[in-house]
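Data first, discussion second: the structure below is written as structure tokens.
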Amino acid sequence: MMCTVIYDGECDFCRTCVDWVKARAEIKAVANQEINPAEFGITREQCEKSVVVVADKTYFAAKAVAVLLDKSGYKVLAKLLRLSGKLGEVGYKYVAEHRNGLLVAALHWVIKRTI
């Protein structure tokens with residue numbers, strides 16, 4: 001089943017992550033700036049706050065990333081992220097709030113080289 005990924009189209013890191021997933025899984029990806037969120041059953045605030053995956057149900061933040069990892073063939077990593085619970089959400093929030101920081105820049109560099 002194809003899913004739709006709603007992401008921040010103005011964020012280089014987000015675009016790179018979406019490209020990484022697209023190279024591994026069949027997804028539809030749309031920038032949150034280009035949609036009417038109500039058409040997906042979400043609010044503008046929700047899609048500006050985190051990545052959203054609309055599949056069998058709607059997933060946000062770390063749970064959305066876990067769905068994308070699973071669809072990309074990284075099932076063990078997806079399972080670990082799901083099992084991490086609050087820790088995964090804290091990690092997601094850290095990355096989202098530090099997109100221009102050194103740690104996220106390093107992660108971005110690594111992801112770019114694996115597309």
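The values are calculated or read from the model by the stated rules, or taken from the named source; none is laboratory data. Please read these numbers as outputs of a predicted model, since none were measured by experiment. Cβ placement follows ideal geometry from the backbone for every residue including glycine, while neighbour counts extend to all protein chains displayed. Each accessible area value is taken on the protein alone, full model and side chains, heavy atoms only, with ligands, DNA and RNA left out. Shrake-Rupley method; radii C 1.70, N 1.55, O 1.52, S 1.80 Å.
One table, with the values for the structure above:
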| item | result |
| --- | --- |
| For the chain, size of Cβ-based charge dipole, Lys and Arg +1, Asp and Glu -1, in debye | 500 |
| Positive-end extreme of charge dipole, the chain - chosen from Leu107, Ala62, Leu81 (charges on Cβ) | Leu81 |
| Residue among Asp19, Asp56, Asp70 with the largest mean-square fluctuation in a Gaussian network model of the chain, springs linking Cα atoms under 10 Å | Asp56 |
| Apportionment of accessible area to carbon and sulfur, the chain, percent (1.4 Å) | 57 |
| Most mobile listed residue (Ala55, Ala38, Ala25) in the chain, GNM with C-alpha springs under 10 Å | Ala38 |
| Whole-number percent relative contact order across the chain, with pairs defined as alpha carbons under 8 Å at least 6 apart | 26 |
| Under 19 Å from the Lys28 label point (7 Å along Cα→beta-carbon), backbone N, segment 48-64 | 48, 51-60, 64 |
| Average accessible area per residue (Å²) across the chain - probe 1.4 Å, nucleic acids and ligands excluded | 63 |
| Shape category assigned to segment 34-86 from the gyration tensor of Cα positions, a/c cut at 1.5 | prolate |
| Loop-located trypsin sites (Lys or Arg not before Pro) in segment 1-31, at most 16 other Cβ atoms within 10 Å (DSSP) | Arg24 |
